[in-house]
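Here's the structure, in structure tokens; my notes come after.
The values are calculated or read from the model by the stated rules, or taken from the named source; none is laboratory data. Values in this document were obtained by computation on a predicted structure and should not be read as measured data. Remember, those area values only see protein heavy atoms, side chains included, never the ligands or the DNA or RNA. Shrake-Rupley method; radii C 1.70, N 1.55, O 1.52, S 1.80 Å.
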Amino acid sequence: MMQLECETTPEQIRLMEDKILAAAVERGADQLCQARMLLVLDEILTNLRHHAYPEKPGLVRVEILPQVGEDDALMHLRVHDWGPQFNPLRD
């Protein structure tokens, strides 16, 4: 498993996305897969920047999990943050 951490600044988010993209390319991701993965990852990290850490940058960790078998997905990512808990059913 590979772990990457960054602050939620636009510059550090971009550096993390570049590292994850390089890992996807290394695993054989085609261009469509790369584009989709970056879109989802950028959405997650940008939402964390705006909603989990609205006052100042905070820490985010992305884990690139190992493939379990040949039929497993190309990449599994797990994203961790330490921002306040969000409950969409409240307020």
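Accessible surface for R78 stands near 110 Å², nearest 10, in the context of the full protein assembly shown (1.4 Å probe). Using a 1.4 Å probe on the protein heavy atoms, what percent of the accessible area of segment 1-56 belongs to carbon and sulfur? Carbon with sulfur: 54 percent of the solvent-accessible area. When the Gaussian network model of the chain links Cα atoms closer than 10 Å, the mean-square fluctuations of E17, E26, E63 top out at E26.
Once all protein chains are placed together, H51 keeps about 130 Å² accessible to a 1.4 angstrom probe. Using only Cα atoms, locate the centre of segment 50-83 and the centre of segment 7-35, then give the distance between them in Å, rounded to an integer. Between the Cα centre of segment 50-83 and that of segment 7-35, the gap is 12 Å. Rounded, prolate or oblate: which fits segment 1-54 when a ≥ b ≥ c are the square roots of the eigenvalues of the alpha-carbon gyration tensor, with rounded for a/c under 1.5 and prolate only if a/b beats b/c? Because a/c hits 1.5 or more and a/b exceeds b/c, segment 1-54 counts as prolate.
What the chain shows is 72 Å² of accessible area per residue, with the surface traced by a 1.4 Å probe over protein heavy atoms.
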